Amino acid sequence: MIRNGVEIRDNFAEAFPMVGTRLIVTADTPDWALTAGRVTTGFATSVIGCGCEAGIERVLGPEETPDGRPGVSLLIFAMDFKQLKTVVPLRLGQCILTCPTTACYAGVETGKRVPLAKTIRYFADGHQISKKIGDKRFWRLPVMEGEFVCDEDTGSVEGVGGGNILILARTRGAALRAAEAAAAAMGKVEGVILPFPGGVVRSGSKVGSKYKGLFASTNDAYCPTLRGTVPSQLTAETGSVMEIVIDGISFDAVAEATRVGILAVCDIGAEGGVVAIDAGNYGGNLGPFHFKLREIMGNEGGAA
Amino acid sequence: MRLRLKGGRVLDPANGENGVATGSARDIEILDGRIVAPTDQRADAEYDLGGDVVMAGGIDLHSHIAGGKMNLARLLMQEDRRAYPEMPGNFCGCGGGRAVPTAHATGCRYAELGYTTVFEPAMVGSNARGAHLEMADIPNLDTGAYLVLGNDDFFQRLLAAGAGQEQVNAYVGWMIEATQAFAIKIVNPGGINAFKFNARKMDLDEANPHYGTTPRKVLTTLIRAVTELGLPHPIHLHGCNLGVPGNDETTLATIRAAEGRRLHLTHLQFHSYGTEGDKRFSSSAARIAELVNANPNISVDVGQVMFGQTVTASADYMSQYRNRGIASPKKSIGMDIELDAACGVVPFEYRDKSFVNALQWAIGLELFLLVEDPWRIFLTTDHPNGGPFTTYPHLIRLLMDRGFRNAQLATLNKAAQAHTLLGQITREYSLEEIAILTRAAPARILGLTDKGHLGAGAVADIAVHTEDADREAMFSRARFVFKNGRLIVKDGVVVELAQGTTHVARPDFDRSVETEMDRWFDAAVGLKAKHFRVADGELRGGAGPTILKCEGVVS
Amino acid sequence: MSGVSLKPRAAFEARVDLSGITPAVTCPLTLLELEGLPVPYGGKSVKLAELFFIEGAPEGVLLIEIGDVRLDGVGAGMQEGELIVDGVVGAWAGRGMGGGVLRISGDAGDFLGAELSGGRIELAGNAGAHAGGATSGSRRGMSGGVLKIGGSAGARAAERQRGGLIVIGGDAGEGLATDMIAGTASVGGAVGPLMGRGMKRGTIFTRTVPALPAGFIDTGEQELVALQLMARRVPELKAVIGESVRARRLVGDTLLGGQGEVLVPA
Amino acid sequence: MAEASTQTIHDVACGFCGLGCDDLTVEVEGRTVRARGDVCPEAARLLKRLDVADRPASVAGAPASFDEAAEAAQRILSEARAPLIGGLGADMAGAGALVDLAVRFGGVLDHYASEGLFRNYAAVQRTGWLASTLAEVRNRCDLLLVVGDDPSATWGRLFERFFPADPLFAGTPRKVVFIGGAPGEKAKGQLARADVLHIATTDLVAVLEALTGFTAGRIPPGASFGGVAVEALVALADGLRNAHYAVVTWNAAALADGDLVAERATALVDALNVTTRAGVFPLGGRDNIIGANQLMLWRLGYPLRTAVRGQVSVHDGSLYATDAALADADVLVWVSAFRPEPPPEFAGRIIALAHPETVFEKEPDVLIPVGTPGVDHAGTVFRMDSIVSLPLGALRVATLPSVAEAVRRIAEG
């Protein structure tokens, strides 16, 4: 399948189940909401080293938030629920509670409950105030700046982590431009985050390593400087590869992000130096979710 | 009035008759409220029992059914009353409640279970008149009350002053007569008094902060007093340190302190706690049962804990104050009373998933099953403290049915299961043993010669149960109950209200004590001794008490 | 009958206790069964049909026409369904209700919504004393649900309230929120004297700063994120909060270690 | 007829105010009764009897025999829809008969002086309390807090009975602190040996709250509470903490905020008992209200202000309070054997079992004059502490039925 001169390889991204949640963080200004969002989702590129994968899902206007202030919605994913229950209060306590003017609300109503203020309310040393309206409880914690308002807990979803596309381009500059365009387009999709820096990862990995104790190592099949020395997936014209990793609250959300990402890359096309789009997998035996690139593109794939 | 109960299997351990074992049925004849030798005269009424089990009416020697603390419990636990409204067909329109039922409901529910005599085990002297008024309103039951003594300042002063035993005996005799009591109860010997001086705990040999007296001295002096006054029932003792882990040592020491003299340890379950295990709470039932078995002078009742909501009411304000933090619902009443005693009312819910409550349950059953002589152990829940008396049928099944017992055990708190021997105990009570525990033995220990058996001359208080392999079902509803020869329960339902009597013991004592009592009441209590005294005519709406004359060694 | 309508045959000459006669009880019954339901009336117990004309009504609804000031316990113990009173009720309306909706177009007597734990009560008229309070001997008042009073509430509204929301459109009488444990109440009109004594926790919204006992401390005007959160999440509070992001906050009853608050949106 | 000679009776027990004095001396001469010596004005007034003919029973204002009146009363009750059995000024036997009457005919039971009782129940039924009784106060109380107005106006010998010359344990001088009203001359006289302090305030609730706070170690902000300077409150809290046995007493009936006073006094005593001993001693108990209430609790399981409706009883502290219940009743059975207390204004029919000297604004539909327990017949009444009850003796030959007799006759018809 070729679109606008870009080969969409007959391959699939292989993804894993993750559990995730959404937080709505508001602040007095859009900037502070964004700051809180960035800090909270910082150092959360990969569960391998960060314990979770997180990102800003969307920027929210005042009319969209529970308290009428500008905000952001964040998604945080972990490999299991226990881990999620650990990382969310940690990040809430270190990054949102501390950030000027913020408040934090549940972004998911259903599913198992992930503690928010339920855990960190004790920071208020007995001065915390609880309010329960209907079935929903929130807390007010006196802080030096005023009050930190935070929902008791949030729901959770069984999501999908590790969706991806690989952008193969002639030059590093072309690969980066295509990746930026893809990340920008994919970031508009609801229910997904791209946890790596700027949404892009340049150090894609394969499973395992020659070194004991390393679970992952550089994806040598896609490293241009190793072309020929290892079994390579790169044609001779490919000078650089960028990967975009996608975590989402559902299979459909990840598939949609994959689709708009590929479209954005294809829009840049061969003229922009893009060679092909590929995806990372482990042979299909490890992850239950398979995002088949050509299937996802369907009739949008263009002429062969 | 002559009645004939035809063809029942008579279970009368006091007279060595066990129709259940032999399978033989016979008639029982009643003439004017008493059992008589069978005749062939025409009866005014006959009841065909068709082989049903016939026993004497049940006797509960320890159940809180009347007195100020029960009314405080009613006041505090209106939830209980609201949750258990009048039962349908309740023809007098004044029954209700479960943990603290009204006087009417108490009489009716007991009668439905086949009980006809119940003793209130903690009457405070200053409240005696009120307790007797309340007892008079309990239908269907004969009653009596044990006077709480030993924490009263008059007695403590006597002890502290080194008064002779004769002075003590005279005082005890005067108090028994003045309050129309049947026996002497000691609650936390000296501890209630010490709490008034702000002591928060009191062990057997600890000195009262004001008087310097010890619980041991209180106990031994009053044991001697009731012995010498000739009271039929021994000292009825609620010991030191109720409910405190580690009170097993106190209990063992208390048994030894009796030095072979008769002593009744009440609600022993609450006094059989060790401190082993990581929760520092364990069963000492085996150790205590062993010492009880070895001391024929000791009798006990268990005070079995039954799961569910109840309210605890005790004169032991010291212990109840300690427990008020675990009240459920969270409220409690305490009261220092009249230089006499005190009371504490604490609602409580025993939960089967609680380690402590589940182990308490197991400890009670261990005691039942490890104390060997059924004539020296009595079936009680210390109503309502361990649970309401209406749970007795369930308790009987636990004792009689090992499979049922172990199935219940398996549902309890896991850690508690691991801390009890109960699962290994194979003993199952027989029907005859149940009849001993609930009829014959209490009558004997209370000295009621015309009760608890079905021989000629006995009061015609009779319960008839249809045998059922499910012992809980069997004992939940009597087929017939006769009170003084009148049919009051038919097919588990009260059909008539009978007026019971109140048993009192009347010892001889040295009446010269009266001058001293007058002086004490005038100066200290602020009430005339003569107004403290309850006259015979004040009992049972003017009918007066049933008097058991005591032949003491002093006169 | 799927729905039931009750119309008093005449003004009641003694108190009638409708406790427990809820839509869930009446709707499955036949007309004959309904007629025979026992109802306490003064010192007696009478049949429902002696007091009411009984007719059908929409599915799942119990409708009481006209109402009566001696009609007590309307909706008491209700767990589901809809009970509508086209008129006034006596005491204990919605007592211990756990779910469903109770609508009353007229006034209500004392203890409206006492010990309410869930569901919704909407009263168009005025409520008597102890709205949302605790019954004799009970430690806690209303614990959940919504009690909306269109008119004014009598003395000791929200007494011992421990949860849920009380919205009083008009004035609140003396002793509002006495011994309040938790929960939220708002008053659209004037607040009577002696409010808040013994308040442990909970929030009272008022339009002006009420007279408060000695144990209350004025923390001054505060900018509170929670205001707009509540205004948005709780439509009933929108009226008293409006667009305010600031409120005067008074805390008490500190004499008893309480941390309740009175919020007066700026 | 023989000339009546004066007889002096000692140790007479008095059932009127609830304090339970039982050392009165009374002179009886035929039908004449009068108290002698040390006696409070209320007892003197209520014990006094002249040799006058008893007022006869009446039906609709016309004299009738006892039987005719009882029959008329039964007719009225049989037709009644919502009776209120009010007043309830009766001894235990009378109260028992009245409960039977309510069970039989249905109706609300309340005592005319129950307002204070139910204000106290706001505390005792909700949180419970730690209480004391007269003999304990007499001998142990080393610091007495009297909240509200000086109660000796109502209980004439209260302080005399609280503070005997030679208590067993309390050292001297014993301390008494009046919070609210100042002690009157009578109280001062009875408290001559005690240290008496008066702290004026108009806000008893705030003062009790602040005392509880200071006692529990909290430092409530403010320089004064209820108009009392913090220094005075801190000193008093220290005094309470250091007392061996402090007692807080109040008369809820006389306090508009009696429920809150009871709750706050309870909280204060709870706080004290953490480290020392203390108790509440609520005042009340007039005309055997405590006994009637006790009886209600063991008979019906509910306190006063309970309605029996078709043999099922239900309690409600407000709907079944006399004032509220009157508005819904069609028949009032008014019982007042201890004093000539007239029935409240009522539009329905009235059956009065009343003290013969009762002055009625409107003739009751049925009037049966009844004897007074402790004057005309024997009986039992409870003291205010609900623990001790007293046997009242007859001082003269009864010519009137007791409440119990009258009610039984009504029930028999």
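A compact table of results
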| read-out | value |
| --- | --- |
| Cβ pairs under 9 Å, 6+ apart, first in segment C:154-173 and under 16 Å from C:Glu236 (Cα atoms), second acidic (Asp, Glu) | C:Leu165/C:Glu236; C:Val167/C:Glu236 |
| Strands (runs of 3 or more DSSP E) contained in segment D:300-413 and holding at least 2 residues within 30 Å of D:Ser5 (Cβ to Cβ) | D:379-382, D:389-392 |
| Single residue of segment C:248-261 satisfying the filter (part of a strand (DSSP E or B) and either without any contact (Cβ under 8 Å) to a residue 40 or more places away in the chain or more than 21 Å from A:Lys136 (Cβ to Cβ) (or both)) that is farthest from the other protein chains (Cβ to nearest Cβ) | C:Arg248 |
| Residue list for segment B:312-339, restricted to those being hydrophobic (A, V, I, L, M, F, W, C), in a helix (DSSP H, G or I) and under 16 Å from D:Asn273 (Cβ atoms) | B:Met318 |
| Tally, over segment B:48-60, of residues that are over 16 Å from B:Asn140 (Cα atoms) and in contact with a helix residue (DSSP H, G or I) (Cβ under 7 Å, 6 or more places away or on another chain) | 2 |
| Filter result for A:Arg137 (buried (at least 16 other Cβ atoms within 10 Å of the Cβ) and either away from chain C (no Cβ under 12 Å) or more than 30 Å from A:Glu14 (Cα to Cα) (or both)) | no |
| Failed item, numbered, when D:Tyr112 is tested on (1) within 14 Å of chain C (Cβ to nearest Cβ); (2) in a loop (DSSP other than H, G, I, E, B); (3) surrounded by fewer than 22 Cβ atoms within 10 Å (Cβ to Cβ) | (1) |
| For D:Val335: the one exception among (1) among the hydrophobic types (A, V, I, L, M, F, W, C); (2) within 14 Å of chain C (Cβ to nearest Cβ); (3) closer than 14 Å to D:Gly107 by Cβ | (2) |
| Matching option when the condition is under 21 Å from D:Asp203 (Cα atoms), in contact with an Asp or Glu (Cβ under 9 Å, 6 or more places away or on another chain), away from chain D (no Cβ under 14 Å) and not basic (Lys, Arg), among C:Val264, C:Val245, C:Val191, C:Val225 | C:Val191 |
| Evaluation of B:Leu370 against (1) of a type in the set (A, V, I, L, M); (2) within 14 Å of chain D (Cβ to nearest Cβ); (3) surrounded by fewer than 24 Cβ atoms within 10 Å (Cβ to Cβ) (one fails), failing number | (2) |
| Selection within segment B:256-284 - under 20 Å from the mean Cα position of the chain (by Cα) and either surrounded by 21 or more Cβ atoms within 10 Å (Cβ to Cβ) or free of Cβ contacts under 8 Å to residues at least 24 places away in the same chain (or both) | B:Leu263, B:His264, B:Leu265, B:Thr266, B:His267, B:Leu268, B:Gln269, B:Phe270, B:His271, B:Ser272 |
| Helices (runs of 4 or more DSSP H) lying entirely in segment B:183-297 (those with 1 or more residues that are closer than 22 Å to B:Gly164 by Cα) | B:191-196, B:215-229, B:247-257 |
| Test: residue in segment D:167-174 that is under 30 Å from D:Leu46 (Cβ atoms), away from chain C (no Cβ under 14 Å), among the polar types (S, T, N, Q) and surrounded by fewer than 24 Cβ atoms within 10 Å (Cβ to Cβ) | no |
| In segment B:427-448, the residues that are assigned to a loop (DSSP other than H, G, I, E, B) and either among the basic types (Lys, Arg) or touching a Leu at 6+ places or on another chain (Cβ under 9 Å) (or both) | B:Arg427, B:Glu428, B:Tyr429, B:Gly447, B:Leu448 |
| Filter result for the condition that a residue is free of Cβ contacts under 8 Å to residues at least 24 places away in the same chain and either surrounded by fewer than 24 Cβ atoms within 10 Å (Cβ to Cβ) or charged (D, E, K, R) (or both), over B:Gly16, B:Gly96, B:Gly51, B:Gly7 | B:Gly16 |
| Residue ranges of strands (runs of 3 or more DSSP E) in segment D:1-102 with at least 3 members under 22 Å from the mean Cα position of the chain (by Cα) | D:83-89 |
| Lone qualifier among B:Met55, B:Met70 - being closer than 14 Å to B:Gly130 by Cβ, more than 14 Å from chain C (Cβ to nearest Cβ) and at pLDDT 95 or above | B:Met70 |
| Given (1) surrounded by fewer than 18 Cβ atoms within 10 Å (Cβ to Cβ); (2) modelled with pLDDT of 95 or more, index of the condition A:Glu109 fails | (2) |
| Residue satisfying all of: in segment C:28-43; in contact (Cβ under 8 Å) with a residue 24 or more places away in the chain and surrounded by 20 or more Cβ atoms within 10 Å (Cβ to Cβ); farthest from C:Leu83 (Cα to Cα) among these | C:Gly43 |
| Segment B:340-367: number of residues that are at the interface with chain D (Cβ under 10 Å from one of its Cβ atoms) and part of a loop (DSSP other than H, G, I, E, B) | 1 |
| Search result, residues across segment B:492-546 that are without any contact (Cβ under 8 Å) to a residue 40 or more places away in the chain, among the acidic types (Asp, Glu) and within 14 Å of another protein chain (Cβ to nearest Cβ) | B:Asp518, B:Asp522 |
| Number of the exception - C:Thr219 against (1) more than 14 Å from chain D (Cβ to nearest Cβ); (2) under 19 Å from A:His127 (Cβ atoms); (3) over 14 Å from the mean Cα position of the chain (by Cα); (4) of a type in the set (Ser, Thr, Tyr) | (1) |
| Within segment A:17-60, considering residues that are within 23 Å of A:Gly287 (Cα to Cα) and free of Cβ contacts under 8 Å to residues at least 12 places away in the same chain, the one surrounded by the most Cβ atoms within 10 Å (Cβ to Cβ) | A:Cys50 |
| Identity of the residue in segment D:191-241, aliphatic (A, V, I, L, M), part of a helix (DSSP H, G or I) and surrounded by fewer than 20 Cβ atoms within 10 Å (Cβ to Cβ), that ends up nearest to the other protein chains (Cβ to nearest Cβ) | D:Val230 |
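Matching residues to (1) in contact with a Cys (Cβ under 7 Å, 6 or more places away or on another chain); (2) closer than 23 Å to B:Glu349 by Cα; (3) not in a loop (DSSP other than H, G, I, E, B):
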position: B:Gly7; (1), (2), (3): no, no, yes
position: B:Ala14; (1), (2), (3): no, no, yes
position: B:Ile30; (1), (2), (3): no, no, yes
position: B:Arg42; (1), (2), (3): no, no, no
position: B:Ala73; (1), (2), (3): no, yes, yes
position: B:Gly95; (1), (2), (3): yes, yes, no
position: B:His104; (1), (2), (3): yes, no, yes
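Per-residue answers, yes or no, for (1) under 24 Å from B:Asn188 (Cβ atoms); (2) outside the structural domain of B:Ile298 (by TED's automatic domain parsing); (3) under 22 Å from the mean Cα position of the chain (by Cα):
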| site | (1), (2), (3) |
| --- | --- |
| B:Tyr350 | yes, no, yes |
| B:Ser354 | no, no, no |
| B:Gln360 | yes, no, yes |
| B:Leu379 | yes, no, yes |
| B:Pro393 | no, no, yes |
| B:Arg397 | no, no, yes |
| B:Glu428 | no, no, no |
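The values are calculated or read from the model by the stated rules, or taken from the named source; none is laboratory data. Here the structure is a predicted model, which means the values were calculated and not measured. All Cβ positions, glycine included, derive from the backbone under ideal geometry; neighbour counts span all protein chains shown.
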